[in-house]
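This report concerns only the one structure given below.
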Amino acid sequence: MRLAQGSLYKAFKDKQSLFLAALDRYRAQRTQNLRRTIDDGGTGLERLRAALTFYAESAHGATGRQGCLVVASTVELSTFDQSVGDRVAAALACNEAMLAHLIRQGQADGSIKNHVDAEVTAQMLLCLTQGMRVVGKTGRSRAQMQAVVATALKALA
């Protein structure tokens, strides 16, 4: 969006509208980047590893310290602002569905154990990915985040 000087407040009704537009843009960009990461092919387990690594890479160093707008919005705003809460819930539901899909794909191709409950495991991995974003604000290393991914995947293969 191109805005001329002084037109920011003309483009948005209020600060909330500006924030919601920023949150929507952030979600769209992150989703597009994640999709590109997992669409490179491979088994379901390999694609799941790519998805978890995507989060691990965002959860260490300077990027990790910056944090995640969805996580920050969840913690700070979602209980006070229904519009933010709805957007955050939609973002998390989308991520959880993607994780469940990758698990089921891995079960179909034999790379993930069939006894794994795809829905419950997707919920657990969603909590893991969001937790990595929170813990990443404390300055964790890349090796620490990669170890979390490796440990999570051991339970599935």
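With axes computed from alpha carbons, what is the tilt in degrees of helix 15-38 against the longest principal axis of the chain, rounded to the nearest 10 within 0 to 90? The angle comes out near 30 degrees.
Across segment 108-125, rounded Karplus estimates of 3J(HN,Hα) from the backbone phi angles (6.51 cos²θ - 1.76 cosθ + 1.60, θ = phi - 60°) give 5, 9, x, 8, 10, 4, 5, 6, 5, 6, 4, 5, 5, 5, 5, 4, 5, 5 Hz, Gly and Pro being marked x. Relative to the longest principal axis of the Cα atoms of the chain, the long axis of helix 44-57 lies at roughly 40 degrees. Remark: the Gln146-Ala108 segment gains 11.1 nm on full extension, using 0.36 nm per residue and subtracting the alpha carbon distance. Taken along its three principal axes, the alpha carbon spread of the chain comes to 56, 31, 30 Å, from the longest extent down to the shortest.
Please give the helix 142-154 orientation as an angle from the longest Cα principal axis of the chain, in degrees from 0 to 90, rounded to the nearest 10. It works out to around 50 degrees. The helix-only estimate of mean residue ellipticity at 222 nm for the chain, built from DSSP H runs of length n ≥ 4 each weighted as -39500 (n - 2.57), is -24000 deg cm²/dmol after division by the residue total.
Read-outs throughout are calculated quantities, based only on the coordinates presented, and are distinct from any laboratory measurement. Since the structure is predicted, the reported quantities are computational estimates derived from the model, not experimental observations.
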